[in-house]
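Working notes, beginning with the structure itself.
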Amino acid sequence: ESCDLVPENDDCYSAIELFDASAVDGNLCCAQPDGISCNPYGTAYGVWYYVNSQDWDSMAIELTNVSNGNVGVRVFEDANGLGYNSACDSLVDLGVCTIVTGVIAGNIYPELLFETDYYFLVFTEYPLACGDFNLVINSVIYGCTDPSADNYDSEANIPDNNNYECIYSHPPDND
């Protein structure tokens, strides 16, 4: 199979920016080798995305292998704070590198760096397989999510009772 149209985000320097609650459908047809190995999987042929962590505590990622082709993900951090298009020369590998046969989901990093770009290489090791996928990125902000609490955090989207227990000057009616 010949490829005439290389994906627009075929290399790190042309990564497509994603935002909180972003979902993107894509495929790996015509992706070029990235010079990155995801051992034991071999050479990665992939497309790139990035998201800025803003003030998030963590980030939830969900990658769905839609086509049952070989689809994987590798995650990197711009730990030097160089910003978009400069970070690609000094990305830090976060050690997340896996092939997905169905759906993989979870927090990719327990504590994100403030205002830092995180890069995702969605890849296949078989360039002719094309691999269709769906990638979803969501912010994780821990805090008290109960609006009736004294310390309610309107930006929090995940309750974390270990560190951010809700405080009430008047206990809720259901206690």
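The values are calculated or read from the model by the stated rules, or taken from the named source; none is laboratory data. Note that the structure is a prediction, hence the values are computed from the model and not measured. Positions of Cβ are backbone-derived with ideal geometry, glycine not excepted, and every protein chain shown enters the neighbour counts. What goes into the accessible areas is simple: the full protein's heavy atoms, side chains included, and nothing from ligands, DNA or RNA. Shrake-Rupley method; radii C 1.70, N 1.55, O 1.52, S 1.80 Å.
Quick one: is Ser14 surrounded by fewer than 20 Cβ atoms within 10 Å (Cβ to Cβ), hydroxyl-bearing (Ser, Thr, Tyr) and at pLDDT below 90? When the stated conditions are applied, Ser14 does not pass them. Restricting the first member to region 141-166 and to residues that are over 15 Å from Trp56 (Cα atoms), and the second to residues that are assigned to a loop (DSSP other than H, G, I, E, B) and charged (D, E, K, R), the beta-carbon pairs closer than 6 Å and six or more apart or on different chains are Cys166/Asp146. Across region 98-114, what is the total count of residues that are part of a strand (DSSP E or B) and within 22 Å of Cys88 (Cα to Cα)? Of the residues in region 98-114, 1 are part of a strand (DSSP E or B) and within 22 Å of Cys88 (Cα to Cα). Figure legend. Inter-residue proximity from region 6-22: first residues within 17 Å of Asn134 (Cβ to Cβ), second residues assigned to a loop (DSSP other than H, G, I, E, B) and open to solvent by 70 Å² or more (accessible area, probe 1.4 Å), beta-carbon distance below 9 Å, spacing 6+ or different chains. Indicated pairs: Pro7/Gln32; Ile16/Glu8; Asp20/Gln54.
Taking the criterion of being under 30 Å from Ile16 (Cα atoms), part of a loop (DSSP other than H, G, I, E, B), in contact with a Gly (Cβ under 9 Å, 6 or more places away or on another chain) and open to solvent by less than 90 Å² (accessible area, probe 1.4 Å), the residues of region 115-153 that qualify are Thr116, Glu125, Ala129, Cys130, Gly131. Just wondering, is there one or more residues in region 74-87 that are within 19 Å of Asp20 (Cβ to Cβ), at pLDDT 85 or above and either of a type in the set (A, V, I, L, M) or open to solvent by 20 Å² or more (accessible area, probe 1.4 Å) (or both)? There is at least one residue in region 74-87 that is within 19 Å of Asp20 (Cβ to Cβ), at pLDDT 85 or above and either of a type in the set (A, V, I, L, M) or open to solvent by 20 Å² or more (accessible area, probe 1.4 Å) (or both). Among residues of region 121-168 being more than 20 Å from the chain's Cα centre (by Cα) and small (Gly, Ala, Ser), the one that is nearest to Trp48 (Cα to Cα) is Ala129.
Of the residues that make up region 25-47, is at least one under 26 Å from Ala156 (Cβ atoms) and either open to solvent by less than 20 Å² (accessible area, probe 1.4 Å) or in a strand (DSSP E or B) (or both)? No: zero hits.
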